[in-house]
1. Ala121: net charge of surrounding residues, Cβ under 15 Å, Lys/Arg +1, Asp/Glu -1, itself excluded?
2. Counting only residues 5 or more places away or on other chains, whose amide H sits under 5 Å from the amide H of Ala102 once H atoms are built in the peptide plane?
3. Would you tally the net charge around Glu111, using a Cβ to Cβ cut-off of less than 12 Å, leaving Glu111 out, and scoring K and R as +1, D and E as -1?
4. For the chain, what does -39500 (n - 2.57) per DSSP helix run (n ≥ 4), summed and divided by total residues, give at 222 nm, in deg cm²/dmol to the nearest 500?
5. Could you run the Karplus curve 6.51 cos²θ - 1.76 cosθ + 1.60 with θ = phi - 60° over the stretch 108-117 and give me ³J(HN,Hα) per residue in whole Hz, x for Gly and Pro?
6. Which shape class, rounded, prolate or oblate, goes with the stretch 1-54 when its Cα gyration tensor gives a ≥ b ≥ c as root eigenvalues, a/c under 1.5 marks rounded, and past that a/b bigger than b/c marks prolate?
7. Can you give the extra length, in nm with one decimal, that the chain gains between Glu71 and Asp47 once fully stretched, where that is 0.36 nm per residue apart less the Cα-Cα distance?
8. GNM on the chain, C-alpha springs below 10 Å: top fluctuator among Gly54, Gly24, Gly194?
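The values are calculated or read from the model by the stated rules, or taken from the named source; none is laboratory data. Just so it is clear, the model here is predicted, and its values are computed rather than measured. Don't worry about glycine lacking a Cβ; one is built from the backbone with ideal geometry, like all the others, and counts go over all protein chains shown. Just the protein is used for accessible areas: all its heavy atoms, side chains included, with ligands, DNA and RNA removed. Shrake-Rupley method; radii C 1.70, N 1.55, O 1.52, S 1.80 Å.
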Amino acid sequence: MTHRSFGSGTPVTLVGHGLGATPGEARLPTSGLPGTKVVVTLPSHGDAPDAPAGYWDYRRIAADLRRVAREVGATRAIGVSLTSGALLSLLADEPDAFERVALLLPAVLDEPRPLLDRESAVTALGGPPEYLAERRRAFARLDGALAELPGRVAVPDRALLAAVRAPVLVVGATRDPLHPEDVAKATAAAFPAGRLELVPSWLTRRGDVRGWLGHFLAG
């Protein structure tokens, strides 16, 4: 896992991306946020090396995120889809890891998600031909993830998240086949200070999501 910083000062926010995200997509949640944004790049994405065999496990990704967070002094964290699951795993093991956490489009909590083939992962949300071609190029390196992640859970029991006292913002979607609304609702409900926001699709409501993130992470 590599990382790159944008902005300066405090707060320092760790930003993770979803499976198959391009570098531009990985930076989307940082728009308008105060302080320093540290954007990670998972293995097999962008210019990062390919993932080693057996890498695609939420706890292993969580360990990488925690290492970077400690290195840069992050007090806040944003996860998108895959890295939302990794942050859930991290928080189950270390409930006080961050002062504020935002989880965008969580796809799994304590029940595994079904197997997903490469083409379905690419086309499920639609988009113009140029975007789909870019996603196909990204997912060409991710057959290992598509094989290893189904059957895995972010946490063994959602009750573990009751120990997290930090405010947690969960943003889910009502029309996204890859990120079920019920998972977002269950994730927000698992936290004592959880807050749920729902949009039809993140792609069509980015302005709203940016506003929620900015106000929430500013404290």
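1. On the way: positive: Arg113, Arg118, Arg135, Arg136, Arg137, Arg141; negative: Glu25, Asp117, Glu119, Glu134, Asp143, Glu148, Asp176.
Taking every Cβ under 15 Å from that of Ala121, the sum is -1.
2. Ala77, Ile78, Gly79, Leu169
3. Charge balance near Glu111 sits at 0.
4. Here the helix-only value at 222 nm equals -10500 deg cm²/dmol.
5. Whole-Hz 3J(HN,Hα) from phi for the stretch 108-117: 8, 10, 10, 10, x, 8, x, 4, 10, 7.
6. prolate
7. On the way: separation 24, 0.36 × 24 = 8.64 nm, distance 2.07 nm.
Difference between extended and current length: 6.6 nm.
8. Gly24
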